[in-house]
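Presented below is the structure to which this report refers.
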């Protein structure tokens, strides 16, 4: 029958009525920019994450740039970032005037570690941008112990948690994307910054609105980067269901392990005490092209996301001179995302497994 890589529609089937009501509520209010829906969603999302402040912005990339600037990052500074990640994680750094410094990741969790960060530290390091890749949680506390502030790129980790707390409440600042395919997705672009620091939060609010607090006096060169009222209203409908969806993602990951996929491919490992809400379920295979061919023949969704890691992308090469990231290069060549969603069934997992076995 085939299994899609994502299933974003099934989880929303029972919410369509509420979503239409939320959209109508915004239309009736005639408030479309930084109105009551955004304010309410910021309060609800900050409460969900377990932090004091949340600031809605236009997308996850802007969220990183604005958060870094609000932390005081600027020209002459360095920000450590993994290369095995989506391009935007690093792309957002030069926009502050700072320099991205690439570090390696762990081969099983795909996340940065204190050791990989330590190898990239210099006297100019102003922050470490950890990526909770594929929903796994990087060891924030261990990295903070190195003495450098940590910003969480939690774009793929809404709903993930650990003994230390939820994604979004582990570092100095965290950023989220609400791109439609994310664990919590809107119907367009959207992003959020979370923090427990009131000064940083206020800086973020100012920067997202042209560097102004009142549309009269402009304190900084800022951005036009605001979460839309319509998107906030849609996200408010979904947020109460996020934990159920996150449990579904964890259950799907357990199905893969229980079905024996680990006999065929390397499975992702949860980092430390984390309980990942898998945004993507990414395996490793020594002959990944054969695995891709077998899945394609069976109609199984799959995708290689980062075949060319960020430090090898042409615009980043000037900042990557001399970077030696062997684990990143290996993962880039051998990884493959296979179907994952909150509603992925054991029967679908068995179908994926049967196709994978054909790869040998």
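Side notes on the structure shown:
- In region 10-240, the inverse of the mean reciprocal separation of distinct Cα atoms equals 17.7 Å; this is its Kirkwood hydrodynamic radius.
- Were the residues from residue 13 through residue 118 laid out at 0.36 nm apart, the gain over their Cα-Cα distance would be 33.2 nm.
- The chain, relative contact order in percent, only Cα pairs under 8 angstrom and at least six apart counted: 23
- Contact order relative to length of region 226-347, as percent, for alpha carbon pairs under 8 angstrom and 6 or more apart: 36
- Cβ crowding within 10 Å ranks 204, 49 as 49, 204, fewest other Cβ atoms first.
- Distance from the Cα centroid of region 94-119 to that of region 322-360 is 23 Å (rounded to whole angstrom).
- Over the chain: helical MRE at 222 nm, DSSP H runs n ≥ 4 each giving -39500 (n - 2.57), nearest 500: -10000 deg cm²/dmol
- Counting DSSP beta bridges with both ends in region 128-275, the antiparallel % (nearest 5): 60
- Over region 242-357 - Rg/Rh using Cα atoms and the Kirkwood inverse-distance radius: 1.02
- Burial ordering of 129, 146, fewest other beta-carbon atoms within 10 Å first: 146, 129
- Region 32-178 - percent relative contact order, Cα under 8 Å, separation 6 or more: 22
- For region 135-160 versus region 222-284, the gap between their alpha-carbon centres in whole angstrom: 16
- Efficiency of FRET from Cβ geometry, residue 1 and residue 239, R₀ 25 Å, rounded to 0.05: 0.20
- DSSP bridge analysis restricted to region 10-240 gives an antiparallel fraction near 50%, rounded to the nearest 5.
- Global geometry of region 3-54, whether rounded, prolate or oblate, following the gyration tensor of its Cα atoms and the 1.5 cut on a/c: oblate
Since every read-out is calculated from the coordinates, none of them should be taken as a lab result. Remember, predicted model here, so these are calculated numbers, not experimental data. Counting neighbours? That spans all protein chains shown, and the Cβs are built from the backbone with ideal geometry, glycine included.
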